[in-house]
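The values are calculated or read from the model by the stated rules, or taken from the named source; none is laboratory data. These figures come from a predicted structure and were not determined experimentally. Every residue, glycine among them, receives a Cβ derived from its backbone with ideal geometry; neighbour counts consider all protein chains shown. SASA here: full protein model, heavy atoms, side chains in, ligands and nucleic acids out. Shrake-Rupley method; radii C 1.70, N 1.55, O 1.52, S 1.80 Å.
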Amino acid sequence: MENLGRALRSNKGEYDEEAIESNSPAVLVIKLPDSRAMRVMSLSLFLTVLFLALPSLRSTSTSLMIRASMFKPAAADRDAAAGDGFKILPILLRDLVEEGLVKKGHRGLVIGATAADMEEDFEFLRDAGVDLLTQEETNADAHHVFDFVFTRNFNSMEVVDGVLKEDTGLVVSPLGRDPSNGLRLLSSYKIVYLRRFESTVVAMRKMATSTVADEEEEVSCGGGGGAATSEEKKAALKGLEDVYLEPPRRASAVEEKKKTSFKTSRMIKFLPDLLKDSLDEYPRRVFITDDTSAVEWFYKSYPMRDQEFEVYNVETSGAHKETGVSNWMREKVGREDYVVMKAEAQVVEEMLKEKTLCLVDELFLECKNQWQDDEDQSDGSKRAYWQCLALYGKVRDEGIAVHQWWD
């Protein structure tokens, strides 16, 4: 202790360097504030750090909450999703039995349901000799064993196609109300049932190759001229784009600005392209429309093959109103001509009834429906969309290349 240098503190609270004994080694002197000042400084520093860290903490907390919600949806959402679609099953299946689409000995599968969902209201199926199962009651390797499948939407068509019987399987599903889903009808299925309950339900039959061939033998529509044979025209119908089970979303403001629409942006598979037809062997080529705007679209979009088309705009001429569309068609075109037509549903129904739709090779069908926001038809005259689908199916069954037309 004798060798330690000492520093004397003055009255001013400062250390006097000259008071250090000269024979002592150098000493580092650290001046510390009062304990109260130290506490104030520490608290200030802590609050400053906390304030600066708050945005980062808030962001991290929000991120964790979002991630949690992605993997664990709210109970109310889960309950709503589970109940959607299944509550119409009893009355729907009873109706399918009465229609003869579900019969004694049939086996059915409900995709997305549990055994608890199927405990009640299905006694009539057992009485009718129909076996109804859920996915948890079936083997994972079951293939092409079910006569019918119910699914809440058509997003699971890959699964459905694998378990349905190859030749006569029936898939049943309600149509959604959101037109953005873009659901499509597979070419190997045919609509056999459409009915409105709380939502519109569609049933489609899986077609056997032999059944399709038998039906095609009866096809006589689609014109009689040109180089393509009737067999080639029948084969061409299989290449048409799929029909939309829900109408597409209306064009956005950006699309409107670019002057694009669904009829010009979608991949339409035109008949001349499917047939690889030059259109030069027809005595006449004719385009008939009830819409002035369709004339410009036709010239820009249709594969005319550098051939001349006669264009009739019945909207402006009004000539068909005096004699009716069917009589007017008989006077203007023949079976040997190549005829393309754009028409509304009412006109097409009339031509089906009068057997004059067979004069048309390719049809663009416009069907005003209840999902379209059209102020010009606010009187309740619009059709249910399933009626549009049914009409499309009738035209397709006639052997005519038909496309859906959207403004």
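Only one of (1) in a helix (DSSP H, G or I); (2) within 28 Å of the chain's Cα centre (by Cα); (3) modelled with pLDDT under 80 fails for D161. Which number is that?
(3)
At pLDDT 85 or above, touching a Phe, Trp or Tyr at 6+ places or on another chain (Cβ under 9 Å) and either crowded, with 20+ Cβ neighbours inside 10 Å or closer than 30 Å to E281 by Cα (or both) - does that describe any residue in the range 369-388?
Taking the range 369-388 first, the residues at pLDDT 85 or above are 388.
Subset that is touching a Phe, Trp or Tyr at 6+ places or on another chain (Cβ under 9 Å): none.
No: zero hits.
Looking at the structure I just gave you, is D117 in a helix (DSSP H, G or I) and either of a type outside the set (V, I, T) or at pLDDT 90 or above (or both)? First the steps, then the outcome.
Values: in a helix (DSSP H, G or I): yes; either of a type outside the set (V, I, T) or at pLDDT 90 or above (or both): yes.
Taking the combined requirement at face value, the residue satisfies it.
Please find, among K300, K321, the residue that is closer than 15 Å to V340 by Cβ and not hydroxyl-bearing (S, T, Y).
Working: K321 fails: closer than 15 Å to V340 by Cβ.
Exactly one of K300, K321 is closer than 15 Å to V340 by Cβ and not hydroxyl-bearing (S, T, Y), namely K300.
Report yes if some residue within the range 59-73 is open to solvent by less than 70 Å² (accessible area, probe 1.4 Å) and modelled with pLDDT of 60 or more; otherwise report no.
no
Give the range 294-348 a look and list any residue that's assigned to a strand (DSSP E or B), of a type in the set (V, I, T) and either modelled with pLDDT under 90 or in contact with a Phe, Trp or Tyr (Cβ under 7 Å, 6 or more places away or on another chain) (or both), or say none. I'd like the intermediate steps shown before the answer.
Of all residues in the range 294-348, those assigned to a strand (DSSP E or B) come to 310-313, 338-344.
Filter once more, keeping what is of a type in the set (V, I, T): 311, 339-340.
Scanning the range 294-348 gives V311, V340.
Hand me the list of helices (runs of 4 or more DSSP H) wholly inside the range 188-288 holding 1 or more residues that are at pLDDT below 85 and either open to solvent by 20 Å² or more (accessible area, probe 1.4 Å) or hydrophobic (A, V, I, L, M, F, W, C) (or both). Spell out the reasoning first.
On the way: elements: 209-216, 230-237, 253-257, 262-265, 271-275.
By residue number, 209-216, 230-237, 253-257, 262-265.
Only residues in the range 295-309 that are within 15 Å of D273 (Cβ to Cβ) count as the first member; pair them with residues that are in a helix (DSSP H, G or I), Cβ under 7 angstrom, at least 6 apart or cross-chain, and list the lot.
Once the first residue is within 15 Å of D273 (Cβ to Cβ) and sits in the range 295-309, its partners that are in a helix (DSSP H, G or I) give S301/T264; P303/P272; P303/D273; R305/P272.
Return the total of residues in the range 122-157 being at pLDDT below 80, open to solvent by 40 Å² or more (accessible area, probe 1.4 Å) and under 30 Å from E246 (Cα atoms).
Going through the range 122-157 one residue at a time, the tally reaches 1.
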